[in-house]
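Encoded as structure tokens, the structure appears first; notes follow it.
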Amino acid sequence: MTDAIRIAPGKSLRDTDVLVLGGGPAATWAAVSAAEAGASVILSDKGWLGTSGATAPSNTGTWCVPPGDDRSQVVDRRWARTAGVADRRWMARTVDQSYRGLLRLADWGYPFPRDENGNVYIANLRGPDYMRFMRARVLAAKVTVLDHHPALELWSDGTSVTGASGLIRPEGQDWTIRARAVVLATGGCAFFERTSGAAGLTGDGLLMAAEAGAALSGMEFTGKYTLAPYGSSVNKGLPFRWASFYHADGRPLLNSKGEHMTNGIGGGSEGELARALIAGPVYARLDQCEPALQDWLRRGQPNVMQPYDRQGIDPFRDIFRVELKPEGTVRGIGGLRVATDDCGTDVPGLYVAGDAASREDVAGGLSGGGAINSSWAIASGYWAGRGAAAHARRGPARSRFRSQSAPLGQAGLRPRSDAAVDVTSVIAAVREEMAPLHKNFVRSEVTLKARLSRLDALWEKVQSGLAADGPARLRAREAAAALSAARFSLTAARTRTESRGMHRRSDFPAEAPGPVRRYPLTGPDEIGPAPEAVAQHEVAS
């Protein structure tokens with residue numbers, strides 16, 4: 001088996017048919033898919049392939065629906081929970097392709113669990129095992145893997161995306177790869193929130209694609225918060241299905257009906273918990289969890305129990321403080337608009353997969369966290385890899401790269417003046433606008449306008465003076481990318497003048513009547529509706 005390599009100093013220019021940027025499940029499926037289609041493939045990961053992203057430290061379910069007469073009914077039932085935003089055709093395609101992917105995992109030898117009768121259970125994936133397995137599949141497919149090679153910018157010949165440039169960690173040396181097609185599988189944007197696997201999820205691919213002319217869509221759906229033990233990075237909300245909630249003195253926390261508040265991830269409890277947490281500290285106890293379920297949680301979700309064990313807390317008997325942690329576009333919805341059935345973007349030669357893509361088509365206006373996102377990663381990775389390989393076969397000769405292609409990166413890379421901007425202040429400003437529960441869970445025109453005004457002014461400063469040398473260029477670019485994603489999010493939130501799904505407006509508390517619309521935006525400097533009047537796009541229900 002060919003192992004990963006590093007680009008040697010002085011040999012930083014490489015050629016390939018398909019360049020995959022990213023290191024999570026979608027990136028691995030895209031790389032394998034493109035290689036199986038006959039393309040030469042390079043995968044460049046910000047971290048170490050197999051440990052990058054939100055899946056690697058977690059367990060995840062999938063939207064696993066075997067073929068049969070009831071599959072369309074399953075899609076219909078799920079569509080009813082998407083706030084009318086999803087597309088049934090894309091949902092059915094995703095269910096079908098992801099199921100095929102799960103069967104391929106079984107055929108490849110992935111160690112799915114078996115029941116007492118020996119039947120394989122393919123609906124659940126253990127993140128560390130899954131990503132280690134997919135790394136091996138990528139290498140077996142003869143994909144060149146470049147670990148610790150974050151991308152900083154795309155290249156274009158004026159018509160198509162033709163490659164990318166980045167740096168090698170930790171030294172900070174440059175690399176450039178010219179490619180006939182590029183797949184962005186760089187994940188979502190967590191806005192620097194400290195949650196499991198999210199440290200590198202800063203929206204890099206969203207900014208790179210926007211600089212190339214791609215549209216972003218669904219960015220208003222970023223009001224997703226997940227319950228977690230206070231101060232913990234383990235953002236797994238599942239145990240709170242069996243929780244009861246309390247004040248600090250042990251008094252039961254009551255909901256709007258005067259009942260003891262329970263089940264923190266079901267029904268309308270999220271909104272009531274958010275209001276309670278804005279008002280003051282909230283505590284929980286997993287006292288609705290029967291002993292058999294307690295044992296299942298410890299065995300099936302071992303990392304979920306670590307925060308309690310470290311603090312000497314028995315979560316089934318003791319009350320403990322909780323918080324709602326923001327998850328940005330990772331468990332939100334927004335990302336690059338998927339413009340073609342093979343996950344092409346609006347820009348020729350540029351494809352998108354996983355959380356870097358908008359998941360409006362499959363999850364609608366509510367979170368696809370866990371099962372839906374996991375299945376989308378499998379399906380979109382496969383489609384994007386195939387699409388990129390097909391584009392590569394049609395692409396021009398690589399000799400055009402040197403004479404006609406140019407790098408596209410601006411903010412954080414090529415300042416317009418000598419005015420210095422401190423990267424830590426940019427990160428702090430993004431966090432201040434995007435993390436607080438009282439700002440981002442429910443919005444209004446007044447607050448959105450003020451927040452966006454502050455971030456727009458900061459963007460001007462970043463464009464003028466944010467830059468760095470060597471390895472520090474990565475942090476500067478991450479700060480610029482997260483700031484760009486925040487501006488897209490708040491602009492989209494102002495544009496959608498209604499409440500729908502996880503997008504909540506206090507000044508427009510109800511869903512607007514009539515057809516459900518989407519609001520793709522382009523930027524990143526002047527953010528506005530995509531040129532082809534996509535603001536009038538109506539969802540195919």
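Here are the numbers for this structure:
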quantity: Residue match in region 376-387 (condition: within 22 Å of LEU152 (Cα to Cα), in contact with a strand residue (DSSP E or B) (Cβ under 6 Å, 6 or more places away or on another chain) and assigned to a helix (DSSP H, G or I)); calculated: yes
quantity: Subset of region 240-259 (residues that are polar (S, T, N, Q) and either surrounded by 24 or more Cβ atoms within 10 Å (Cβ to Cβ) or farther than 14 Å from LEU277 by Cα (or both)); calculated: SER244, SER256
quantity: Evaluation of PHE316 against (1) within 20 Å of SER499 (Cα to Cα); (2) of a type in the set (A, V, I, L, M, F, W, C); (3) in contact with a helix residue (DSSP H, G or I) (Cβ under 8 Å, 6 or more places away or on another chain) (one fails), failing number; calculated: (1)
quantity: Residue in region 374-390 that is among the basic types (Lys, Arg), closer than 30 Å to PRO66 by Cβ and buried (at least 24 other Cβ atoms within 10 Å of the Cβ) present; calculated: no
quantity: Members of region 66-86 that are part of a loop (DSSP other than H, G, I, E, B) and buried (at least 18 other Cβ atoms within 10 Å of the Cβ); calculated: THR82, ALA83, VAL85, ALA86
quantity: Filter result for GLN73 (of a type outside the set (Asp, Glu) and modelled with pLDDT under 95); calculated: yes
quantity: Residues of region 28-48 satisfying the condition of being under 12 Å from ALA388 (Cβ atoms), outside any loop (DSSP other than H, G, I, E, B) and either free of Cβ contacts under 8 Å to residues at least 24 places away in the same chain or of a type in the set (Gly, Ala, Ser) (or both); calculated: ALA30, ALA31, SER33, ALA34, ALA35
quantity: Helices (runs of 4 or more DSSP H) within region 399-489 that include 1 or more residues over 21 Å from THR329 (Cβ atoms); calculated: 400-404, 423-434, 445-465
quantity: Check on THR51, surrounded by fewer than 24 Cβ atoms within 10 Å (Cβ to Cβ) and outside any loop (DSSP other than H, G, I, E, B); calculated: no
quantity: Flag for ASP314 being in a loop (DSSP other than H, G, I, E, B) and either farther than 26 Å from ALA80 by Cα or outside the structural domain of ARG137 (by TED's automatic domain parsing) (or both); calculated: yes
quantity: Qualifying residue in region 372-381 (condition: aromatic (Phe, Trp, Tyr), over 15 Å from the mean Cα position of the chain (by Cα), in the same structural domain as ALA31 (by TED's automatic domain parsing) and modelled with pLDDT of 95 or more); calculated: no
quantity: Residue that is nearest to ALA31 (Cα to Cα) [pool: residues in region 295-320 that are surrounded by fewer than 14 Cβ atoms within 10 Å (Cβ to Cβ) and among the charged types (D, E, K, R)]; calculated: ARG299
quantity: Test result for VAL430, in contact with a Leu (Cβ under 7 Å, 6 or more places away or on another chain) and at pLDDT 95 or above; calculated: yes
quantity: Criterion (surrounded by fewer than 14 Cβ atoms within 10 Å (Cβ to Cβ), over 19 Å from the mean Cα position of the chain (by Cα) and under 30 Å from ALA339 (Cα atoms)) met by exactly one of PRO529, PRO436, PRO515; calculated: PRO515
quantity: Which listed residue, of GLY237, GLY218, is closer than 30 Å to ARG317 by Cα, small (Gly, Ala, Ser), surrounded by 20 or more Cβ atoms within 10 Å (Cβ to Cβ) and touching a residue at least 24 places away in the same chain (Cβ under 8 Å); calculated: GLY237
quantity: Set ALA179, ALA198, ALA140: member being out of contact with any Phe, Trp or Tyr (no Cβ under 7 Å at 6 or more places or on another chain), crowded, with 24+ Cβ neighbours inside 10 Å and at pLDDT 95 or above; calculated: ALA179
quantity: Residues of region 317-337 satisfying the condition of being assigned to a loop (DSSP other than H, G, I, E, B) and either touching a residue at least 60 places away in the same chain (Cβ under 8 Å) or in contact with a Cys (Cβ under 6 Å, 6 or more places away or on another chain) (or both); calculated: ILE319, GLU327, GLY328, THR329, VAL330, ARG331, GLY332, ILE333, GLY334, ARG337
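Okay, residues lined up against (1) part of a strand (DSSP E or B); (2) over 14 Å from VAL322 (Cβ atoms); (3) in contact with a strand residue (DSSP E or B) (Cβ under 7 Å, 6 or more places away or on another chain):
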{"residue": "PHE191", "(1), (2), (3)": "no, yes, yes"}
{"residue": "ARG194", "(1), (2), (3)": "no, yes, no"}
{"residue": "ALA199", "(1), (2), (3)": "no, yes, no"}
{"residue": "LEU206", "(1), (2), (3)": "no, yes, yes"}
{"residue": "PHE221", "(1), (2), (3)": "no, yes, yes"}
{"residue": "LEU227", "(1), (2), (3)": "yes, no, yes"}
{"residue": "GLY231", "(1), (2), (3)": "no, no, no"}
{"residue": "VAL234", "(1), (2), (3)": "no, no, yes"}
{"residue": "PHE245", "(1), (2), (3)": "yes, no, yes"}
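The values are calculated or read from the model by the stated rules, or taken from the named source; none is laboratory data. All figures in this text were calculated on a predicted structure; none of them were measured in a lab. Note: ideal-geometry Cβ built from the backbone for every residue, glycine included; neighbour counts use all protein chains shown.
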